[in-house]
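Laboratory data are not the source of any read-out in this text; all were calculated from the coordinates shown. Quick caveat: nothing in here was measured; it's all calculated off a predicted structure. Reconstructed Cβ throughout: ideal geometry from the backbone, glycine too, with neighbour counts over all protein chains shown.
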């Protein structure tokens, strides 16, 4: 049973399970009336009718759930008004509102180039990103739905079968209709962020529809629909975990499969009943046969539903079993695994040594102990290296990514200070075995990464020259050449061509890169053999370009040389200059995204990396900057970040939406040093 238990040992899957169970109960209450009254088209229309509200909320930086509630409520009100128009059928009114609301939503989305990720989440949901506050909201919504269901049961029942009788009995059918629409709005709005609007319809209709094959009493339909929804949630999460499919879509598909299994079971049960009808006088024997057939029919339905779990076992391997790992890859005691990246900014004030960690998900600012004499900061994706005079403090930011190529694990934990390294760290790099901290570009201090992850700083040898962990080895720049060494620092191979006056160095998905006097040296590894190729600088560039700027792992790099921006495309092994210059900072998120530059006037520019054409610009609120103390410009897969030391704030830039300032974080320190972790 390890294949069944293993997924639910992870925290974010546990939250997804609870979220799915609450949504199943909520949709069972509303979905029962949708099925009984034949309101499926209305349910689908309302699900899509939320799009304008969500679009407006996203563009304004507001709460998406609130936007969904407002839009769905407007849709419900419109349906209620149009249903009173005798010239239009109810379906016609719903269809008009459906198309109108959907068109408005698409028009709003078309105004924003960055809406693709949010739209995907809106349509398909992200059940694995369920947060504790989402569970609290769903619990409250379920409580409200229960109250509406209990208080309105008689009116809903009468309205479902004979509105005129409901009016005669004084049950106020119009009010009951409004209350029923409110219940439907609540269920859809509360559930869309878990399974998305295209898939919420599956949980809203499929489980209650399946339940109608088993019973005809409304309370029992609701109870059984909740059970079917719970089964779909558990089975969907297990299948998604082992098969690597989208969790929300898998849950909805499983719910639909349960409906067809229930329908097939009912059909088979009916066939068995009709095929053995006895003649007059069969008496007790006939009753016994009918009872036996009923039990067989129920068993068939149960077996058909159980067959849905067969693909789960198949995902475990040829034998149907797979040994469960004792802990997830990259897990550290006290950490919490998440379904998505948990980025954080480590911020520091040179003058006071104050250190803050800004959680970009929760927007919480975490105060850390100061580092007196702080001069510079570096990071390796998880750890921040706070360099002061003679020593560097190693700070665990509490946010990191473990990338296995075909899948990624995201973790978060409380920040903690690990220890101190001798010397001032200029840059840092690490893999699963080694943490390499480059000291003053002349030597590299190595540390045991496993021990570091467990909270202990265990120092290894200090190497002459900058070093990169790559391909299970160390690449060391020494005396104008790049040496490949093993983990124990024993020489393995010397690469040609060499690298005079090495400057910046980084590791990408396509290889390791060193900045040399005459170009960039790209080192690749295959079957434990390393090869090197030189990419000469463009004409007019002399000397090493120094540090590379880019999103971690990206195969497109940016360097700034003599205020010129040079872009290195490793895939095509070519440099190209970008923009007119001069600039004080530049970076890029990688292939297919614009190059970002910041000039001395405080204007942020974006350029097409292929053509070099400017695609946008925006003056930042910080105004002109001092080239001698340039701001820090960071970028990840979704946003860019620019510090404003004078204003004591950080600007978050949506670089795919015309360089829009998405958020501004006010701080109590001067954030003149900044790195990002957890990406």
For region 424-468, what size does the Cα cloud have along each of its three principal axes, sorted from largest down, in whole Å?
-> 28, 15, 15
Largest first and to the nearest Å, give the Cα extent of region 534-619 along each principal axis.
-> 38, 26, 23
With no solvent term and unit scatterers on the alpha-carbon positions of region 541-679, Debye gives log₁₀ I(q)/I(0) at q = 0.09 Å⁻¹ of -0.24
Note on region 344-431: the mean projected area of its alpha-carbon convex hull, in nm², is 5.9
Shape metrics for region 435-527, restricted to C-alpha atoms - Rg then Dmax, Å = 13.0, 41
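Of the listed peptides 505-511, 452-458, what is their order by residue-averaged count of other C-beta atoms within 10 Å, with the highest listed first? Before the final figure, lay out the partial values.
Details: 505-511: 19.7, 452-458: 15.4.
Ranked from most to least packed, the peptides come out as 505-511, 452-458.
May I ask you to sort 676, 9, 337 by Cβ crowding, counting other Cβ atoms within 10 Å and putting the fewest first? Can you show the working numbers first?
Working: 676 24, 9 15, 337 20.
Final ranking by Cβ density, sparse to dense: 9, 337, 676.
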Relative contact order for region 549-679: what is it in percent, counting Cα pairs under 8 Å that are at least 6 residues apart?
-> 16
Report the full-extension gain for the segment residue 8 to residue 365: residue separation times 0.36 nm, less the Cα-Cα distance, to one decimal in nm.
-> 125.5 nm
Report, to two decimal places, the Cα Rg of region 371-419 normalised by 2.2 N^0.38 Å (N = number of residues).
-> 1.36
